[in-house]
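Asker: Before I ask anything, let me first share the structure, which is written out below as structure tokens.
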Amino acid sequence: MTAVASLGARTGGSRQLAGTGTLLRFALRRDRTMLPVWVAVNALMVLSMPGTLKGLYGTAAERADLVRQMETNASLRAMVGPVFDDSLGALTAWRVGVYAAALAAVMSLLIVVRHTRDEEESGRQEVVASGMVGRRAALTAALLTAAVANGVLALLVVAGLAAQGVAGAVALGLAIAGVGMLFATMAAIVAQLTESARLARGLTAAVLGGAFVLRAAGDSATTDGSSVLTWLSPLGWLENLRAFAAERWWVLPLIAGAAVVQGAVAYGLAGRRDLGMSFLPTRPGPAAGRLRTAGALAWRLQRGSVLGWSVGFLLAGVVYGSMTEGAADLVGDNEQARQIIERMGGQAGLTDAFVSAMVGMLGLIAALYVVASVLRLNGEETSGRAEPVLAGAVGRMRWAAGHLVIAFGGAALIMLLAGLGFALGYGRDAGAILGACLAQLPAVWVIGGAAVLLHGVLPRGAVAAWGVAGAVLLLGWVGPALDVPQAVLDVSPFGHLPKLPAEEMSWAPVLVLTSIAVVLVVAGLVGLRRRDVT
């Protein structure tokens, strides 16, 4: 009887996973553009860092001095974490380890939600499930897709950093991939709990943001990552692995164990709910509708995202502002570090150049917000929710305008809040800092205009807007450190903006970029008006 029961369990288990291979191949085919871009950008960020650090801190004395400075600068520890050794490998793990893990986490949660809750919400999963496909096949294929992406990323990191020390490269590569898979399994749980893919992405991203805040708070309080707050964050686990600095290998099973436990919970939940349902169903709305315009509907759909980005930018501004006073002490007499900050922020003075550089980074991140908000149009259309709206007395232009006002106006709001937070953290020059933040908007709007154009003219290729934003982010972040020629940096609209407050205001590029953004938006709306709605 035991053998028969075991055979039945195995047979039932195989039926639960039937079709996994086919769904995996389909998922990899669908993501054949998105995944390589995410992996390549993340890997390039990590692998470019040893050369950059060697140029900045070429001698052991300079690196040791950096470590001593970090021990006394709580604000910078909150941003990038503590340093555990002065080797190039350890400094690489310190400088980009947390950010690479955060990017891997974002990539992973997007993959899992895209191939689970997104598919159920659009109705495609029901069609797939009508064939010989097991109940847990879609979830398994989604997690395997995330595992493939994180595995390739880990291999690239290990191969690229092996020259700095094989053990450290393996530790860092596995830790980054492990954090990615931890958030993949977390997204798998949240996708079972919620009915909305948007909410699933938002909640998982909120957990990631909370993990970053916990790590920052813990690292600002201690110099060795020993704070309880740091240990409560998966990003803090990566730090405390101490890649290239007498690795603590026992941290890796902690990351893997958390991912496995979460995966088991997700599988258990997947077997206990009906397709398309959730454990936390959405509350029914009022009997009488209160959304009288397309703009009100767009606000209802995007208000949570706007609130989350607003809070994040306000807090980021406070953190960056509090770091400004210590910028000169951190750079010290290092001429190469000074040159990088001046390439990013202008030549007027180190403090003003640092402010300009940090404001520019916030602008680059705001470009991600505007792309996500614009592409909500694409999500509403491809999911079929736009069709009943447009079937009523709502034209395409009014429908699109509601979302675009939130996208472009929301970008202005979050940059304004970032400026307020920056001025609060710095404690001076509030007007100049607010002006510098708002001066980033024309470039942000150009990226948003490109997303509108892609959605209007080539809706199936609208996801390429993420590639545009990612390329611009990479140029703005890595380009100055690698001393990329100005002609290459000028490919980005951010390369043409005045570097306030380190330089004088120049209205010509601001007006030109704003005009380009307007042209792109108009061209996208014309394309949307002329084509069929999918």
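Asker: How many residues, within the range 133-191, are at positive phi and free of Cβ contacts under 8 Å to residues at least 12 places away in the same chain? Write out each step before concluding.
Answerer: Taking the range 133-191 and keeping what is at positive phi, we get 165.
Still in the running and free of Cβ contacts under 8 Å to residues at least 12 places away in the same chain: none.
The qualifying residues number 0.
Asker: Among the candidates V112, V46, V98, which residue alone is open to solvent by less than 30 Å² (accessible area, probe 1.4 Å), in contact with an Asp or Glu (Cβ under 9 Å, 6 or more places away or on another chain) and within 24 Å of L174 (Cβ to Cβ)?
Answerer: V98
Asker: Check A243, A258 and return the single one that is open to solvent by less than 70 Å² (accessible area, probe 1.4 Å), among the hydrophobic types (A, V, I, L, M, F, W, C), modelled with pLDDT of 85 or more and part of a loop (DSSP other than H, G, I, E, B). Reasoning before the result, please.
Answerer: Details: A258 fails: part of a loop (DSSP other than H, G, I, E, B).
The match here is A243.
Asker: Consider only pairs whose beta carbons are under 9 Å apart and that are at least six residues apart or on different chains; among these, list those whose first residue lies in the range 509-520 and is in contact (Cβ under 8 Å) with a residue 40 or more places away in the chain and whose second residue is of a type in the set (F, W, Y).
Answerer: Close Cβ pairs satisfying both conditions: L513/W445; T514/W445; I516/W445; A517/F408; A517/W445; V518/W445; L520/W445.
Asker: For the subset of the range 7-29 comprising residues that are at pLDDT 85 or above and open to solvent by less than 70 Å² (accessible area, probe 1.4 Å), which member is nearest to V112 (Cα to Cα)?
Answerer: Taking the range 7-29 and keeping what is at pLDDT 85 or above, we get 20-29.
Remaining after also requiring open to solvent by less than 70 Å² (accessible area, probe 1.4 Å): 20-21, 23-24, 27-28.
Numbers: T20: 14, G21: 16, L23: 13, L24: 12, A27: 10, L28: 12 Å.
Residue satisfying both the conditions and the ranking: A27.
Asker: Looking at L417, L454, L473, which one is farther than 26 Å from W399 by Cα, at pLDDT 90 or above and assigned to a helix (DSSP H, G or I)? Before the answer, list the steps.
Answerer: Values: L454 fails: farther than 26 Å from W399 by Cα; L473 fails: at pLDDT 90 or above.
None of the others qualify; the one that does is L417.
Asker: Same structure, new question: So, V518, is that one closer than 30 Å to M49 by Cβ and part of a helix (DSSP H, G or I) or not?
Answerer: On the way: closer than 30 Å to M49 by Cβ: no; part of a helix (DSSP H, G or I): yes.
It is false that V518 is closer than 30 Å to M49 by Cβ and part of a helix (DSSP H, G or I).
Asker: If we scan the range 180-188, do we find a residue that is at pLDDT below 95, surrounded by 24 or more Cβ atoms within 10 Å (Cβ to Cβ), over 22 Å from V311 (Cβ atoms) and not aromatic (F, W, Y)?
Answerer: Yes - at least one qualifying residue is present in the range 180-188.
Asker: Please tell me if L301 is touching an Asp or Glu at 6+ places or on another chain (Cβ under 8 Å), crowded, with 18+ Cβ neighbours inside 10 Å and either at pLDDT 65 or above or assigned to a helix (DSSP H, G or I) (or both). It would help to see each step written out before you state the result.
Answerer: Details: touching an Asp or Glu at 6+ places or on another chain (Cβ under 8 Å): yes; crowded, with 18+ Cβ neighbours inside 10 Å: yes; either at pLDDT 65 or above or assigned to a helix (DSSP H, G or I) (or both): yes.
Yes, satisfied.
Asker: Being of a type in the set (K, R) and assigned to a helix (DSSP H, G or I) is true for just one of R135, R114. Which residue is that?
Answerer: The conditions single out R114.
Asker: Considering V488, V510, V519, which residue is β-branched (V, I, T) and touching a helix residue (DSSP H, G or I) at 6+ places or on another chain (Cβ under 6 Å)? Break it down stepwise before answering.
Answerer: Details: V488 fails: touching a helix residue (DSSP H, G or I) at 6+ places or on another chain (Cβ under 6 Å); V519 fails: touching a helix residue (DSSP H, G or I) at 6+ places or on another chain (Cβ under 6 Å).
The match here is V510.
Asker: Can you confirm whether G131 is modelled with pLDDT under 95 and either surrounded by fewer than 19 Cβ atoms within 10 Å (Cβ to Cβ) or small (G, A, S) (or both)?
Answerer: Working: modelled with pLDDT under 95: yes; either surrounded by fewer than 19 Cβ atoms within 10 Å (Cβ to Cβ) or small (G, A, S) (or both): yes.
Answer is yes for this residue.
Asker: Among the candidates V510, V444, single out the residue that is surrounded by fewer than 24 Cβ atoms within 10 Å (Cβ to Cβ) and among the aliphatic types (A, V, I, L, M).
Answerer: Working: V444 fails: surrounded by fewer than 24 Cβ atoms within 10 Å (Cβ to Cβ).
Only one candidate passes the filter, namely V510.
Asker: Here is a check on your reading of the model: is W445 under 28 Å from V311 (Cβ atoms) and among the aromatic types (F, W, Y)? Write out each step before concluding.
Answerer: On the way: under 28 Å from V311 (Cβ atoms): yes; among the aromatic types (F, W, Y): yes.
Against the criterion (under 28 Å from V311 (Cβ atoms) and among the aromatic types (F, W, Y)), W445 qualifies.
Asker: Right, next: The conditions are (1) surrounded by fewer than 16 Cβ atoms within 10 Å (Cβ to Cβ); (2) modelled with pLDDT of 80 or more; (3) outside any loop (DSSP other than H, G, I, E, B), and V488 fails exactly one of them. Which is it?
Answerer: (2)
The values are calculated or read from the model by the stated rules, or taken from the named source; none is laboratory data. Being a predicted model, the structure only gives us computed values, none of them experimental. Cβ coordinates were reconstructed from backbone atoms using ideal geometry, including for glycine residues, and neighbour counts include every protein chain displayed. Ligands, DNA and RNA are stripped out before the accessible areas are found, and what is left, the full protein with its side chains, is counted by its heavy atoms. Shrake-Rupley method; radii C 1.70, N 1.55, O 1.52, S 1.80 Å.
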